[in-house]
């Protein structure tokens, strides 16, 4: 049995980046990962952009004592700049408009009065380049504006649109299958006997991936070693990653480790010093990575977030986000294992994240996940954890 840190290290050593790429229309690419750098096709902003409604003037006129300016015209955003502006004249101009090249300051409406085509500055000093967003100050033409590996969230897609990228090259994600096992499990639309359960692990795991925009296929296998071996052989030739739930403990009907060995999947570890999720099995061959989680719902759910998602993000080149929270009350946990405790994380007025333990009834208590939003990783070799101590958290829902 290995430590949590050892398990993490072994898994991340098996990351792969050979899943290919494809071109998507920008509207379809939200949540995708760039497989190319995107550069600015022109300066940003592409012109000296006016940032307040008012009048555009020559600063030299103001410095020469002129306070009243004849309005030479009105220019809205998107209009061609008005350039025929004589000394002592101004342009009435709107936010977002391109500044006329002969002007170099914008005086807002609240500092002027307009009467009979004359704009008079009534208050405030005028400074050089005031209320102007200079051309190219954000990025220059040819600058990398989005790097390869960037997740195309709402802001990134807006930037891509700004530089005219209607299509983007994105990384293909691993082809993932979630496979549940067990004769005790029936379909969700079936009426189980008193000794049976409806399948839920595959739904919870698939849902966790789908809400992150990660496509997945789901399957269920009976406790038949021949069928398991046959289907796993098929799956191993199709998918890049298999997530198995159930059938990896030491029971008489836990057939998965043997079937995987027959496929040439090399076991890298079986059992981790943690609760929940101790029977976790992980192995690889040249084609597929296999994450075989315990069948208990909380165990499999925790292992997905603690191990599979970091592997997936590493394969995609996404930098990990490490989050910590303050423990909200004293906790005692005596087994010599890492305790992945369910918590409810909230933000406090002082800016801290506080994690309050959510007590459940063990690793089979799937319903308890509804009341929590993260796992807090309490280290091994300790039994007492004090209120106010800081530990790492693994969110599985939005925290706010």
Of the residues in the stretch 178-187, how many are modelled with pLDDT of 65 or more and over 20 Å from residue 397 (Cβ atoms)? 4
Using the structure shown, decide if residue 179 is under 18 Å from residue 42 (Cβ atoms) and more than 18 Å from the chain's Cα centre (by Cα). no
Have a look at 157, 122 and point out the one that is modelled with pLDDT of 95 or more, surrounded by fewer than 18 Cβ atoms within 10 Å (Cβ to Cβ) and not assigned by TED's automatic domain parsing to the domain that holds residue 236. 122
Of the residues that sit in the stretch 358-367 and are modelled with pLDDT under 85 and within 21 Å of residue 309 (Cβ to Cβ), which one is surrounded by the fewest Cβ atoms within 10 Å (Cβ to Cβ)? 366
Being in a strand (DSSP E or B), at pLDDT below 90, over 30 Å from residue 359 (Cβ atoms) and over 31 Å from the mean Cα position of the chain (by Cα), is that true of even one residue in the stretch 254-266? no
Determine the pairs where a residue that is modelled with pLDDT of 90 or more, located within the stretch 208-225, has a partner that is surrounded by 13 or more Cβ atoms within 10 Å (Cβ to Cβ) and in a strand (DSSP E or B) with Cβ atoms under 6 Å apart, the partner being 6 or more residues away or on another chain. 216/176; 216/178; 217/177; 218/178; 219/179
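The rows are residues; the columns are (1) outside the structural domain of residue 277 (by TED's automatic domain parsing); (2) assigned to a strand (DSSP E or B); (3) surrounded by 13 or more Cβ atoms within 10 Å (Cβ to Cβ).
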| residue | (1), (2), (3) |
| --- | --- |
| 334 | yes, no, no |
| 340 | yes, yes, yes |
| 356 | yes, yes, yes |
| 369 | yes, no, yes |
| 381 | yes, no, no |
| 387 | yes, no, no |
| 400 | yes, no, no |
Which of the residues that make up the stretch 54-76 are assigned to a loop (DSSP other than H, G, I, E, B) and either touching a residue at least 40 places away in the same chain (Cβ under 8 Å) or surrounded by 13 or more Cβ atoms within 10 Å (Cβ to Cβ) (or both)? 58, 66, 67
Is it the case that some residue within the stretch 284-301 is closer than 20 Å to residue 384 by Cβ and in contact (Cβ under 8 Å) with a residue 24 or more places away in the chain? no
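The values are calculated or read from the model by the stated rules, or taken from the named source; none is laboratory data. Since the structure is predicted, the reported quantities are computational estimates derived from the model, not experimental observations. For neighbour counting, all protein chains shown are included, and Cβ atoms are generated from backbone atoms with ideal geometry for every residue, glycine included.
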